[in-house]
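The values are calculated or read from the model by the stated rules, or taken from the named source; none is laboratory data. If you're wondering where the values come from, they're calculated on a predicted model, not measured in any experiment. Neighbour counts are summed over all protein chains in view; Cβ atoms, including those assigned to glycine, are modelled from backbone coordinates with ideal geometry.
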Amino acid sequence: MRFLGRVPIRTPTLRRSPLLPFSLPFSPQERIKSVSPKAVVLSGGPNSVHVEGAPRLPEGFLDYCSAESIPVLGICYGMQLIVHTLGGEVKEATSGGEYGRMPVHVASDSSVLYAAQGKHSQLVWMSHGDEAVKLPDGFVCVGKSEQGAVVAIENPSRKIFGLQYHPEVVHSERGGETIKHFLFDVAGLTGDWKMENVLEEEMEKVRRQVGEKDHVICALSGGVDSTVAATLIHKVLGDRLHCVFVDNGLLRYKEGERVMSTFNEHLHLPVTKVDDSKRMLGKLAGVSDPEKKRKTIGAGFIDVFSEYASKLEAELGHKPKYLVQGTLYPDVIESCPPPGKGQKHSHTIKSHHNVGGLPEDLQFELIEPLRELFKDEVRAMGRLLGVPEQFIARHPFPGPGLAVRVLGDVTENNALDTLREVDEVYINAIKEYGLYDKIWQAFAVFLPIKSVGTSSWLSACLPV
């Protein structure tokens, strides 16, 4: 659930709006009431309302929202949950469901949810196997898909609305407009959130967490996230921050020297480079499964940081107990359910090395000032902190490095060296043609297949 009220935490749907949502995954009703929500968004998920153990609303929750005049918007599973809870009927779609981008037709001239825009069509993103076949009393259908499925419902008198599609993704062409209308016009919220507030809040958290004499190690990759995290922590702790840049043999072409040069010349951060490439590549030899790669690399990083902490202990007289990571909210979502968080209804997409890839016996307390932010927000915070644009504008690069861009064993077929050179040529080409800043993410991939071609005018069978 997403509760928009007094307590500020953000969500991808609203990352460009001046609002801060607060997330409470299926909490008891008293916990919900304690944050005094001004609006509620019931988010989507992979579950079915018919499956035992699927997420349920607290008893009487929708009645509480209606009594307090709190608008509710259910998205995807959230809409099905509203229908099921209030006595409607949800069934498995006879057509097999709807997936991908497709048009929907707004079927009402006076829909509150669509701001009385009249009947029209718009492209949206679908991803559902169940559908509402009977609406609860008081609800009307205001939108249908081309296949005839109910995709938008509302009960204006109770301020309860539902969308079967995903308005929060960029593929839904007017989704952001619909959400903003729900928040600002229907719910009457005011947009007074600023990134400056988040920055100061995170800095204050660090001041409270870290003692006056404590030292902190930062895992620095050279990417946007860890760079912004390190800059924020350095602003608070100064020379009590010790950044470690690990060359694990999985970096891009000349990445190590380029990153260290930029850190020294522009950010003036205290950075130590550690070469762990031989040990890491030895651990990855024979490993093809991407999940195993991620977990192996995550554990390897922690080994390096633990060894570095022991060296600092000899110098400082005490061992640093904190580790800073540039973990983002998508890392947490995709690695869910994260260990110890008690979240049961998220499915793991992939284990990020800094979340699901961490060992259970972690020897550090984590400091993750970006854990509830998305990439766009991290870039905005970086600009506030004065991080050079050349860092801010860098394309995302995975923590496990080129290991997850080589399909198969990274130590075979000269895969890493080949990929480095190809990736360098490709990235330079899109920069030369002015495309780099127009593309969210671009990279080359080494595939475990070969094709016949020519090399130096001779026939050859080369990697793709």
Exercise. Give, as residue ranges, the strands (runs of 3 or more DSSP E) completely inside region 237-329 that count at least 2 residues that are more than 28 Å from the chain's Cα centre (by Cα).
Key: 271-275
Practice problem: Name every residue in region 107-126 that is touching a strand residue (DSSP E or B) at 6+ places or on another chain (Cβ under 8 Å), surrounded by 12 or more Cβ atoms within 10 Å (Cβ to Cβ) and under 13 Å from Gly175 (Cα atoms), in order of residue number. | Solution: Leu113, Tyr114, Gln122, Leu123, Val124, Trp125, Met126
Quiz item: Take the residues of region 106-124 that are in contact with an Asp or Glu (Cβ under 8 Å, 6 or more places away or on another chain), of a type outside the set (A, V, I, L, M, F, W, C) and in contact (Cβ under 8 Å) with a residue 40 or more places away in the chain: which is nearest to Phe182 (Cα to Cα)?
Solution: Ser111
Quiz item: What is the residue count in region 200-230 for residues that are without any contact (Cβ under 8 Å) to a residue 12 or more places away in the chain and part of a helix (DSSP H, G or I)?
Solution: 3
Practice problem: Tell me which residues, restricted to region 377-419, are crowded, with 20+ Cβ neighbours inside 10 Å, touching a residue at least 40 places away in the same chain (Cβ under 8 Å) and over 23 Å from the mean Cα position of the chain (by Cα). | Solution: Val410, Ala415, Leu416
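Restricting attention to region 89-103, report how many residues are within 22 Å of Ser121 (Cβ to Cβ) and either in contact with a strand residue (DSSP E or B) (Cβ under 7 Å, 6 or more places away or on another chain) or modelled with pLDDT of 85 or more (or both).
Here the count works out to 8.
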Quiz item: Which number in (1) of a type in the set (Val, Ile, Thr); (2) farther than 30 Å from Pro270 by Cα; (3) under 21 Å from the mean Cα position of the chain (by Cα) marks the one condition that Val198 misses?
Solution: (2)
Quiz prompt | Search result, residues across region 413-455 that are assigned to a strand (DSSP E or B) and either more than 20 Å from Asp247 (Cβ to Cβ) or of a type in the set (Asp, Glu) (or both) | solution = Lys450, Ser451, Val452, Gly453, Thr454, Ser455
Self-check item: Selected residue [in the same structural domain as Leu385 (by TED's automatic domain parsing), farther than 24 Å from Arg379 by Cβ, out of contact with any helix residue (DSSP H, G or I) (no Cβ under 7 Å at 6 or more places or on another chain) and at pLDDT 90 or above] from Asp239, Asp276
Solution: Asp239
Quiz item: What number goes with the only condition from (1) at pLDDT 90 or above; (2) surrounded by 16 or more Cβ atoms within 10 Å (Cβ to Cβ); (3) within 19 Å of Ile217 (Cβ to Cβ) that Leu250 does not pass?
Solution: (3)
Quiz item: Somewhere in region 379-401, is a residue among the small types (Gly, Ala, Ser), assigned to a loop (DSSP other than H, G, I, E, B), in contact with a His (Cβ under 8 Å, 6 or more places away or on another chain) and modelled with pLDDT under 85?
Solution: yes
Quiz prompt | Which numbered condition Asn413 misses (of (1) within 30 Å of Thr296 (Cβ to Cβ); (2) touching a helix residue (DSSP H, G or I) at 6+ places or on another chain (Cβ under 7 Å)) | solution = (2)
Self-check item: Subset tally (residues that are acidic (Asp, Glu) and closer than 17 Å to Met126 by Cβ) for region 167-191
Solution: 2
Self-check item: region 113-152, residues that are more than 31 Å from the chain's Cα centre (by Cα) and under 19 Å from Ile82 (Cα atoms)
Solution: Val133, Lys134, Leu135, Pro136, Asp137, Gly138, Phe139, Val140, Cys141, Val142
Quiz item: What's the number of the condition Lys213 fails, among (1) under 19 Å from Val106 (Cβ atoms); (2) surrounded by fewer than 20 Cβ atoms within 10 Å (Cβ to Cβ); (3) among the charged types (D, E, K, R)?
Solution: (1)
Quiz item: When residues of region 25-68 are filtered for being out of contact with any Lys or Arg (no Cβ under 7 Å at 6 or more places or on another chain) and part of a helix (DSSP H, G or I), how many remain?
Solution: 12
Exercise. Name the single residue, out of those in region 292-337 being at pLDDT below 90 and among the acidic types (Asp, Glu), that is farthest from Gln363 (Cα to Cα).
Key: Glu334
Quiz item: Within the bounds of region 429-436, is there any residue that is outside the structural domain of Ser226 (by TED's automatic domain parsing) and surrounded by 16 or more Cβ atoms within 10 Å (Cβ to Cβ)?
Solution: yes
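Kindly indicate which of Lys144, Lys159 is surrounded by 15 or more Cβ atoms within 10 Å (Cβ to Cβ), touching a residue at least 40 places away in the same chain (Cβ under 8 Å), of a type outside the set (A, V, I, L, M, F, W, C) and in contact with a strand residue (DSSP E or B) (Cβ under 6 Å, 6 or more places away or on another chain).
Among Lys144, Lys159, only Lys144 is surrounded by 15 or more Cβ atoms within 10 Å (Cβ to Cβ), touching a residue at least 40 places away in the same chain (Cβ under 8 Å), of a type outside the set (A, V, I, L, M, F, W, C) and in contact with a strand residue (DSSP E or B) (Cβ under 6 Å, 6 or more places away or on another chain).
Looking only at region 442-464, which residues are surrounded by fewer than 10 Cβ atoms within 10 Å (Cβ to Cβ) and either touching a Leu at 6+ places or on another chain (Cβ under 7 Å) or at pLDDT 85 or above (or both)?
Residue satisfying the conditions is Ser455 alone.
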